[in-house]
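The values are calculated or read from the model by the stated rules, or taken from the named source; none is laboratory data. Note that the coordinates shown come from a computational prediction; the quantities given were computed from them, not determined experimentally. All Cβ positions, even for glycine, are placed from backbone atoms using ideal geometry, and neighbour counts span all protein chains on display.
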Amino acid sequence: MPKITYVLADGTRREIEASKGTSVMEAAIRNNVKGIDAECGGCLSCATCHVYVGEEWLAKLPDPDPDEADMLGFVAAEKKPNSRLACQIKLDEALSGIVVRVPPTQS
């Protein structure tokens, strides 16, 4: 099963295993990762699952589609070049070990 490391705003690290096909957001919600609010439940309509993807993982992800790119304009924390919505990152073995940082605020 793919592994995800969440780095919380206070620097705490949480490593979680999740099934292939699960989104980084779903895994966070199922495991009570603080700071991933996911108010819309992954419907790409709220931007409250904003994360910063570790630079070394960006090349392994597809570019954000136009809807995600638009929604990233509404994040509460600073938008950075490595900003992504966790609901749009689907896990597979190639992403096992991915590291995402949770921003200090989501709303």
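A few comments on the model shown:
- Applying the set (1) surrounded by fewer than 18 Cβ atoms within 10 Å (Cβ to Cβ); (2) touching a Cys at 6+ places or on another chain (Cβ under 6 Å) to Cys87 leaves exactly one unmet item: (1).
- Filter pass, Ala77 being under 15 Å from Lys90 (Cα atoms) and of a type in the set (Gly, Ala, Ser): no
Yes or no, residue by residue, for (1) over 12 Å from the mean Cα position of the chain (by Cα); (2) part of a strand (DSSP E or B); (3) within 18 Å of Asp10 (Cβ to Cβ):
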position	(1), (2), (3)
Ala27	no, no, no
Ser45	yes, no, no
Asp67	yes, no, no
Cys87	no, no, no
Val99	no, yes, yes
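- Per the conditions (1) touching an Asp or Glu at 6+ places or on another chain (Cβ under 9 Å); (2) β-branched (Val, Ile, Thr); (3) modelled with pLDDT under 95, the sole criterion not satisfied by Val99 is (3).
- Unmet criterion (only one of (1) at pLDDT 95 or above; (2) over 19 Å from Asn82 (Cα atoms); (3) in a loop (DSSP other than H, G, I, E, B); (4) not aliphatic (A, V, I, L, M)) for Glu15: (3)
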